[in-house]
Amino acid sequence: MKLPDELFRIAEDIRTMRIRGAGRIARAAASGLAIVAEKYETGDRDELKEAILEAARVLVSTRPTAVSLPNAVRFVVLRGLNAYEAGADIAELREAIKTSAEDFIHNSKTAVERIAEYGARRIRDGDRVMTHCHSTAAVSVLLKAWEQGKRFEVFSTETRPRFQGRITAAILADAGIPVTMIVDSAARFFMESIDAVVVGADAVAANGAVVNKIGTSAIALAAHEARVNFFVAAETYKFSPETMLGTLITIEERDPAEVVDRDYLEQHPNIRVRNPAFDVTPPEYIDIIITEQGVIPPQGALMILREEFGWFTRSNLPDFLRGPPSPAHVTSY
Ligand code: RI2
């Protein structure tokens, strides 16, 4: 089976974080499946189905934490499998995959726009807002509020070790929003002067816990201590259906060389460096989750999951799309 090179390029870009951010990863995965549907050379619908499943496997194995990735792949594959089982011929099967990928990408972009609208209502004139990492959803809330004429300032963490906070700060500054960049460990120092924290999410669990960039839970703890509102902006495809069944979300650990350079690691072989990419913020520290369906308290996560993923437990998905990624993908690259 020779899958198109473009598919492997997308997978590699996700793995190395050239494509990053939970929403972007999901849209890239959907487009990867559409490419396979369009370009995989065969006249046999069974072979095309296998190629799509193999492509799905390649994509979901790239990064283990952002649930948007398997959710996007499931959305596209499930419609393809349904068409296949309904007797679609090869052209119809190609079309089913392509249109469901397009639908996912369209819905995903619309969801971010709605989140911006709902979230902007929570930003007030004169606020000082803190954010962490680079989340398209969180940034869109801030940009929308600014566009509506609200005037506020933002404290943006730099976000070690990959410095995604620099992307956030640049986008906000380009829009004219006053922005102050701080090191991650300064979050508590500044918290007493902050009115609200807005972050994105890589995954939301059934109990309302939010998995987001490492450091988020410490910021949430500091916000909780200082009685500062803590908002999460997350599309519903970041909610994890597996957690309805009690599965824990896997936290990705990345290469120690992202934290300290290889020379240092070689000079100090007895120092162990660990690099978890995400952490878990418990629901008690979260005031609201802003979704495209509306604003919910974290306790409403299960309701969203039932509505959006009621099909999950009874679907005809293959096993590898129903469980968490294998532990092989969790070790550093
Ligand atoms: P959007 C990112 O993960 C960050 O943790 C960010 O908060 C989250 O995805 C959501 O991003 P990474 O890919 O979907 O930088 O809101 O590891 O853009």
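The values are calculated or read from the model by the stated rules, or taken from the named source; none is laboratory data. Quantities reported herein were computed from a predicted structural model and do not represent experimental measurements. Quick reminder, even Gly has a Cβ in these numbers, built from the backbone with ideal geometry, and neighbours come from all protein chains shown. These accessible areas exclude ligands, DNA and RNA; they are computed on the full protein's heavy atoms, side chains included. Shrake-Rupley method; radii C 1.70, N 1.55, O 1.52, S 1.80 Å.
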Give the Cα extents of the range 170-253 along the principal axes, in whole Å, largest first.
43, 30, 25
Return the loop-located GluC sites (Glu not before Pro) in the range 1-77 (DSSP other than H, G, I, E, B) with at most 13 other Cβ atoms within 10 Å of their own Cβ; answer none if there are none.
GLU41
Student exercise, the range 48-88 dipole from Lys, Arg, Asp, Glu Cβ charges, in Debye to nearest 20:
140 debye
Amide H neighbours of ILE19 at under 5 Å, excluding residues fewer than 5 places away on the same chain, with H built from the backbone geometry, are ILE14
Computed E for ASP125/THR180 - FRET, C-beta separation, R0 22 angstrom, nearest 0.05:
0.75
Computed magnitude of the charge dipole of the chain (debye, nearest 20; Cβ of K, R +1, Cβ of D, E -1):
520 debye
Work out, step by step, the length gained on full extension between TRP311 and THR42: first 0.36 nm times the residue separation, then minus their alpha carbon distance; give nm to one decimal.
93.8 nm
Which GluC sites (Glu not before Pro) in the range 143-245 sit in a loop by DSSP (not H, G, I, E or B) and have at most 14 other Cβ atoms within 10 Å of their own Cβ?
GLU192
Could you work out how far helix 68-85 tilts from the main Cα principal axis of the chain, as a 0 to 90 degree angle to the nearest 10?
20 degrees
In whole percent, and with a 1.4 Å probe on the protein chains, what portion of the accessible area of the chain is carbon and sulfur?
50 percent
Listed residues ALA137, ALA116, ALA175; largest mean-square fluctuation, Gaussian network over the chain with Cα springs below 10 Å, found at ALA175
What whole-number value in Å² describes the accessible area per residue of the chain for a 1.4 Å probe?
44 Å²
Using a ≥ b ≥ c from the Cα gyration tensor of the range 101-219 (square roots of the eigenvalues), is it rounded, prolate or oblate, where a/c under 1.5 gives rounded and otherwise the larger of a/b and b/c decides, a/b for prolate?
oblate
Based on alpha-carbon atoms only, what is the radius of gyration of the chain relative to the globular estimate 2.2 N^0.38 Å?
1.02
Label-point separation in nm, ALA170 to GLU147, each point 7 Å along Cα→Cβ:
2.1 nm
Given the DSSP H assignment, sum -39500 (n - 2.57) over each helix run of at least 4 residues in the chain and divide by its residue total; what's the result at 222 nm in deg cm²/dmol, nearest 500?
-14000 deg cm²/dmol
Over 23 Å, how big is the tail of the calculated P(r) for the range 114-309, in percent of all Cα pairs?
43 percent
Subtracting the Cα-Cα distance from 0.36 nm times the residue separation, let me have the gained length for PHE320 to GLU54 in nm, one decimal.
94.7 nm
Could you check the simple spin-label distance between PHE189 and ASP255, using points 7 Å along Cα→Cβ, in nm with one decimal?
3.1 nm
Choose one answer from GLU102, GLU85, GLU117: the residue with the largest mean-square fluctuation in a GNM of the chain with alpha-carbon springs under 10 Å.
GLU85
Which entries of LYS150/LYS238; LYS144/LYS213; LYS49/LYS213; LYS144/LYS238 have Cα-Cα distances beyond 26 Å here?
LYS150/LYS238; LYS49/LYS213
Simple Cβ-charge dipole of the range 114-309, Lys/Arg +1 and Asp/Glu -1, about Cα centre, in debye nearest 20
320 debye
Top mean-square fluctuation among ARG124, ARG262, ARG79, Gaussian network model of the chain, C-alpha springs under 10 Å?
ARG262
